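The values are calculated or read from the model by the stated rules, or taken from the named source; none is laboratory data. Worth saying up front: this structure is predicted, and the values here are computed from it rather than measured. Cβ placement follows ideal geometry from the backbone for every residue including glycine, while neighbour counts extend to all protein chains displayed.
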């Protein structure tokens, strides 16, 4: 009886394998990834001809033929989880740490093809933390997500198993990923370390050349627009519009400047006249994120006006500042007027007086607009607008939060709602402003609150981007999930 049972089991297995093989033979020529998950099989066609480097990475990791940090020759994805699932958006996996912070021990460039878009459900795409930071993490879309085009590298499309994609939840496992090759071209696509390294090197050279060409084109336009611009050793260009008088500020002096900032296409990114007041900050000590400001303003005299043309390496570099609408590798053009500068001691005295007055005024506005706030020992104020349920997140857990951020005058400076993507971060580890760490840690899943965050729990006297120094911030937040 036992012998017959074994024969029946063997027969069933043989039939299953034969059926699977037959189904594979029916497929069009190409390279396919069959993901065996805890909810079932997902089959994706991989676009190995259009994005060969990205596919070499994915296939090499899946088959264990390229080096990574999970053990030589080990299929990388086996046993990992889908650590991030946002219904209606996507499922994400491939992190060895299970928290979105891990990778294979290397990174590689983005690889975009004009035919490949996030234009439908079932798109395979690389997760990243910015340009050229691809590794092992990938996601599969639940629906079109075209705002991700040219930010994340599309490399495949689900051909079977979208019902399984829809069932995947946080923590579900990737048991294994089998790579199936159909046709001569696909069979010839064998990934080795040497092949992957060659593709990476070629991509790096192409990217550097493209950046060089792009920056040269921008420089040509700048030279044409500002023919009298002078250049410093660092690469900063400037034009003196109005001469100033007297000495230049010393290192540590606090300067007061009027600023209009633009990207090369003419779009404004900052205008202190519209903000209602000039900017004040200490010069020459790295107080501002833009290095070109330190250099350019330190050369100016009181009353002087200059146009500063700041190259990417003296501005926001390859990452840019997306929240302010500044792409990576972007030249910035600033019309700056140095109206005054004082030494640090004198400035502190004036600022303390101004800060006290501004705080009193801000608290009066808040008290009138939000009369029913509760306040924590740190000074964080909040209003619960919708009760949540269950436990609160603990330190180190990854939270998913939707938010809208405004200044106390109602000016909106950021919103995850408009991006259709909640922010995710580990709670209590200093990855966000202190007021967020504290405020979100008090919430339950599904809860909504208005957080009123004082400057000392936000961006303090420095401010950031569109947020002026010493600003109270209002955040309407929803704790979508945590794990």
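Summary table
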item	result
Test set (1) in contact with a helix residue (DSSP H, G or I) (Cβ under 6 Å, 6 or more places away or on another chain); (2) closer than 29 Å to residue 365 by Cβ; (3) not in a strand (DSSP E or B) - residue 428 fails condition number	(2)
In the stretch 443-462, residue modelled with the lowest pLDDT [restricted to those that are in contact with a helix residue (DSSP H, G or I) (Cβ under 9 Å, 6 or more places away or on another chain) and surrounded by fewer than 19 Cβ atoms within 10 Å (Cβ to Cβ)]	461
In the stretch 273-287, the residues that are in a loop (DSSP other than H, G, I, E, B) and either more than 13 Å from residue 336 (Cβ to Cβ) or without any contact (Cβ under 8 Å) to a residue 40 or more places away in the chain (or both)	276, 277, 284, 285, 286, 287
Residue, nearest to the chain's Cα centre (by Cα), within the stretch 64-82, restricted to residues that are over 13 Å from residue 136 (Cα atoms) and modelled with pLDDT of 95 or more	79
Top-ranked residue of the stretch 300-323 - restricted to ones that are assigned to a strand (DSSP E or B) and modelled with pLDDT of 90 or more, ranked as farthest from the chain's Cα centre (by Cα)	302
Any hit, the stretch 338-349, residues being touching a strand residue (DSSP E or B) at 6+ places or on another chain (Cβ under 9 Å), under 25 Å from residue 410 (Cα atoms) and not assigned by TED's automatic domain parsing to the domain that holds residue 470	no
Condition broken by residue 142, with the remaining ones in (1) without any contact (Cβ under 8 Å) to a residue 60 or more places away in the chain; (2) surrounded by fewer than 18 Cβ atoms within 10 Å (Cβ to Cβ); (3) closer than 19 Å to residue 42 by Cβ satisfied	(2)
Test: residue 154 is outside the structural domain of residue 320 (by TED's automatic domain parsing), within 18 Å of residue 52 (Cβ to Cβ) and in contact (Cβ under 8 Å) with a residue 60 or more places away in the chain	yes
Selection status of residue 377, more than 20 Å from residue 293 (Cα to Cα), part of a loop (DSSP other than H, G, I, E, B) and out of contact with any strand residue (DSSP E or B) (no Cβ under 7 Å at 6 or more places or on another chain)	yes
From 270, 297, 336, 240, residue being assigned to a helix (DSSP H, G or I), under 24 Å from residue 222 (Cβ atoms) and in contact (Cβ under 8 Å) with a residue 24 or more places away in the chain	297
Criterion (surrounded by 12 or more Cβ atoms within 10 Å (Cβ to Cβ), outside the structural domain of residue 312 (by TED's automatic domain parsing) and in a helix (DSSP H, G or I)) met by exactly one of 174, 218, 179	218
Selection count, the stretch 49-63, where residues are more than 26 Å from the chain's Cα centre (by Cα) and within 13 Å of residue 125 (Cα to Cα)	0
Residue within the stretch 381-393 that is free of Cβ contacts under 8 Å to residues at least 24 places away in the same chain, within 17 Å of residue 458 (Cβ to Cβ) and surrounded by 11 or more Cβ atoms within 10 Å (Cβ to Cβ) present	no
Residue list for the stretch 447-468, restricted to those being touching a residue at least 60 places away in the same chain (Cβ under 8 Å), assigned to a loop (DSSP other than H, G, I, E, B) and either under 24 Å from the mean Cα position of the chain (by Cα) or within 14 Å of residue 381 (Cβ to Cβ) (or both)	454, 462, 465, 466, 468
The stretch 180-196 residues that are closer than 12 Å to residue 30 by Cβ, paired with ones that are modelled with pLDDT under 95 (beta carbon under 6 Å, 6 or more apart)	180/24; 182/27
Evaluation of residue 466 against (1) buried (at least 22 other Cβ atoms within 10 Å of the Cβ); (2) in contact with a strand residue (DSSP E or B) (Cβ under 6 Å, 6 or more places away or on another chain) (one fails), failing number	(1)
Output for the stretch 42-84, where each listed residue is in contact with a strand residue (DSSP E or B) (Cβ under 6 Å, 6 or more places away or on another chain), closer than 27 Å to residue 400 by Cβ and assigned to a strand (DSSP E or B)	42, 44, 81, 82, 84
Unique match (being on the phi > 0 side of the Ramachandran plot, under 25 Å from the mean Cα position of the chain (by Cα) and either loosely packed, with under 13 Cβ neighbours inside 10 Å or not in a strand (DSSP E or B) (or both)) among 210, 206, 169, 132	132
Top-ranked residue in the stretch 85-95 [being at pLDDT 95 or above and part of a loop (DSSP other than H, G, I, E, B); ranked as farthest from residue 136 (Cα to Cα)]	89
